[in-house]
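Undergrad: Attaching a single structure in structure tokens format; questions to follow.
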Amino acid sequence: MMMKCKHGFVASWALACLLLSGMAGWAEQKKPNILFVLTDDHRWDAMGFTGAYPFLKTPNMDRLAREGAHCANAFVTLAMCSPSRASFLTGMYPHEHGVYNNEDLRECDWRKTPSFAAYLQKAGYETGYIGKWHMDHSNDARPGWDFWATFSGQGKYNGNDIVVNGKKVYEPGYVSDVLNRYAREFIESDRGDKPYMLYLSHKAVHAPFLPSVRHKNLYAKAKIPKPASYGEDMSNKPVWQTVHWRGATMLNGKMWKFDDYDFSKPWNPEGHSAPMHKNYLRSLSAVDEGIGGILDLLEKRGELDNTVVIYAGDNGFIIGEHTRADKRVAYNESIRIPFLVRYPTLVKPGSTIDEMVLNIDLAPTLLELAGISKPAAMQGESILPLFKGDANGWRDDFLYTYHQDLQPHLPRITAVRSKDYLLSVYPGRPEDKNELYDLKRDPYEMNNLIDHPEMAPIQKSMFRRLDELKSEFAYRADVPDPHPGRWGGGKIGKLYSLPKPRQFKAETTFDFQKNKELDMRWGTYEIDLKFKATADGVIASQKSSHLGYVICIEGGRLQLVMAQAYGKYILESSKPVLNRTVNARITYSNATRVFTLEVDGRKEAEDQRINTISHWGSGLQKVRFGRIDSVWPNTHSTPESFQGTLERFEISRSK
């Protein structure tokens, strides 16, 4: 175990002195250039040299491993794009830097949590960022970067508007090729003797997996090996794992009903969910070719051996293991990443590092390479001692966390992963099973030992260690927004009021047409209504084909149904509301994601959405009264029209 200081950070003065003395020698030499290449959703074993896919060709990734080091046990602290990318940049856990999901459009406050680029820039490096940023979804240049070329959000595989130092440039080509070209041009820029740090961030291999045209027929005759855990026995797994990821319905804050996932589908050796699996692997080819082109360029310029080249993935990816897809969970395929380092000055060619390396270790490693002391706020550790064979005091376990995002059925996770065991805990689901695996005997994490009496001592030890790690790294479930005021702006006050009471019969309907000020993606909204209903039916809705909300009477009770692509949320009154006058209020805050239902001055229900409704879009500005005008996947057995009197309906924005 590492020594801990009172603030929970790793402390070893002897090691620090040793490193500083070593850095003094480096400082006299020319500072190395730094190239960091990051891919999206690239799992740890999807490289040719690992042998996991016998047909897979990644000659340039293989070259990095052959001429450098393969960190064979590299992991992320949260397996999602935005949080992991922020952790690479800051050396901090998501609950510290504040970017804990993909959906809130969060971004670090770079004034309070500078990226490693800001430190390198101050130390004389020319810094460049090229590619996917995936925080805040804006293209504005961020502090610490001299050169900036990015696209919004996920970007597209073909044809992107790329903002290059403030100027929008349309690039019609295949995105990996375009980004590789930008990287080569940056390297060839005239900067004299000034060292550079280039961060090349690829879109690939994120879904929908789309290889370049030249690679679309690769591996045509290859057979995809069936994962050992595909179609596994789910009887000892948590119930939530049997839920189809698009089929969960939350009622008053608890999972109410769900569509079972079909675990009986036979494995398709041509590619799981063909051709998804093969296209995933094919999409790596353009990335790999780009690495080769950059290495060749560096060699031609005589800079290769004075350039630290690091390759990594932002998280892993499950393709069929546990009969699942995606990431997020604490399983090996989700949290384990490729991590390759080439730098002959320090790294022995063909070496393998078996110690646990984390994404939060990148930032302190780069700073040490540049002769910069690690800031106290950084929670990762420089991995440079590992290349010298010095693993004294190195971690032998780590904390993994997941804060709910996108999928309502998938609970919050706190986990501890050691060399021998994985304990994954679901604090929001005390009624469900946790998971405990013996990784040596069960490397595919199929046999959940949480209920096995003989594992009680191990379970106790792992729970104790989980608590220690949560304390050491100041874990918190409620993560403050780094920019709390960003949901403001816009008109405050009443935005719509029903002109006069309306009587509704079976087919009565009318629309409140678009109003640019009524955009529920921002701020805090209140809907006040007064009605008397004589039967079940839809009072009002604001929706597209699968997103939005419906206010209705269902089973005699007042309901607010909020839907998204991956599930539904329902708030329901505790008592029937038919045949009497009812005053109701619905409140929703984008800042907190909390929505409430009040009936006659009494709070009936409250829940917190996994994500904001910022992605609903301006198409939801029209409010329809009386019925739903199209089929909509909600909980209604029949979407009847409202019958009764609507005396008041007001929409206001309070913040």
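Undergrad: Need the failing condition index for VAL550 against (1) within 36 Å of the chain's Cα centre (by Cα); (2) in contact (Cβ under 8 Å) with a residue 24 or more places away in the chain; (3) more than 13 Å from ILE628 (Cβ to Cβ), just the number.
TA: Just one mismatch for VAL550, condition (3).
Undergrad: Here's something else I'd like to know. Just to be sure I understand, how many residues within region 242-259 are at pLDDT 70 or above and surrounded by 19 or more Cβ atoms within 10 Å (Cβ to Cβ)?
TA: The qualifying residues number 4.
Undergrad: Among residues belonging to region 178-223 that are farther than 22 Å from GLY128 by Cα and either outside the structural domain of PRO338 (by the TED database) or in a helix (DSSP H, G or I) (or both), point out the one that is farthest from the chain's Cα centre (by Cα).
TA: That would be ARG214.
Undergrad: Could you list, in sequence order, all residues of region 260-272 that are surrounded by 14 or more Cβ atoms within 10 Å (Cβ to Cβ) and either touching an Asp or Glu at 6+ places or on another chain (Cβ under 9 Å) or modelled with pLDDT under 65 (or both)?
TA: Passing the criteria: TYR261, PHE263, GLY271, HIS272.
Undergrad: Please go through region 535-591 and give me each residue that is farther than 19 Å from ALA605 by Cα, modelled with pLDDT under 85 and part of a loop (DSSP other than H, G, I, E, B), ordered by number.
TA: SER544, SER545, HIS546, LEU547, ALA565, TYR566
Undergrad: OK, next. Taking region 446-475 as the region of interest, how many residues are among the basic types (Lys, Arg) and farther than 15 Å from TYR400 by Cβ?
TA: The total comes to 2.
Undergrad: So which of SER138, SER87 is among the small types (Gly, Ala, Ser), buried (at least 22 other Cβ atoms within 10 Å of the Cβ) and either under 20 Å from the mean Cα position of the chain (by Cα) or closer than 27 Å to ARG282 by Cβ (or both)?
TA: Checking each option against the conditions leaves just SER87.
Undergrad: Looking at region 190-208, which of its residues are among the hydrophobic types (A, V, I, L, M, F, W, C) and within 18 Å of GLY316 (Cβ to Cβ)?
TA: Across region 190-208, the qualifying residues are ALA204, VAL205, ALA207.
Undergrad: Just one of the numbered conditions (1) touching a helix residue (DSSP H, G or I) at 6+ places or on another chain (Cβ under 9 Å); (2) without any contact (Cβ under 8 Å) to a residue 12 or more places away in the chain is not true of ILE310; which one?
TA: (2)
Undergrad: Okay, next question. Checking PRO364 against (1) in the same structural domain as ASN332 (by the TED database); (2) not in a helix (DSSP H, G or I): exactly one of these is not met. Which one?
TA: All conditions pass for PRO364, except number (2).
Undergrad: To continue, here is another question. Run down SER461, SER471, SER497 and say which single residue is small (Gly, Ala, Ser) and without any contact (Cβ under 8 Å) to a residue 60 or more places away in the chain.
TA: The unique qualifying residue is SER461.
Undergrad: Report, by residue number, each residue of region 93-135 that is surrounded by fewer than 24 Cβ atoms within 10 Å (Cβ to Cβ), of a type in the set (A, V, I, L, M) and in contact with a helix residue (DSSP H, G or I) (Cβ under 6 Å, 6 or more places away or on another chain).
TA: MET135, the sole residue that qualifies.
Undergrad: From the list ALA207, ALA228, ALA222, ALA183, which one is touching a strand residue (DSSP E or B) at 6+ places or on another chain (Cβ under 8 Å) and hydrophobic (A, V, I, L, M, F, W, C)?
TA: Exactly one of ALA207, ALA228, ALA222, ALA183 is touching a strand residue (DSSP E or B) at 6+ places or on another chain (Cβ under 8 Å) and hydrophobic (A, V, I, L, M, F, W, C), namely ALA183.
Undergrad: If I ask for residues that are part of a helix (DSSP H, G or I) and at pLDDT 95 or above, which ones from region 55-81 would you list?
TA: PRO59, ASN60, MET61, ASP62, ARG63, LEU64, ALA65, ARG66, GLU67
Undergrad: So if I check each of PRO238, PRO275, PRO338, which one is surrounded by 17 or more Cβ atoms within 10 Å (Cβ to Cβ) and modelled with pLDDT under 90?
TA: It is PRO275.
Undergrad: Could you look through region 592-639, keep only residues that are assigned to a loop (DSSP other than H, G, I, E, B), under 30 Å from TYR402 (Cα atoms) and of a type in the set (Val, Ile, Thr), and pick out the one that is modelled with the highest pLDDT?
TA: Applying the filter and picking the extreme gives THR592.
Undergrad: Over 27 Å from ARG476 (Cβ atoms) and out of contact with any Lys or Arg (no Cβ under 6 Å at 6 or more places or on another chain) - does that describe any residue in region 393-413?
TA: no
The values are calculated or read from the model by the stated rules, or taken from the named source; none is laboratory data. None of these values were measured; they are calculated from a predicted model. We place every Cβ from the backbone using ideal geometry, glycine too, and count neighbours over all the protein chains shown.
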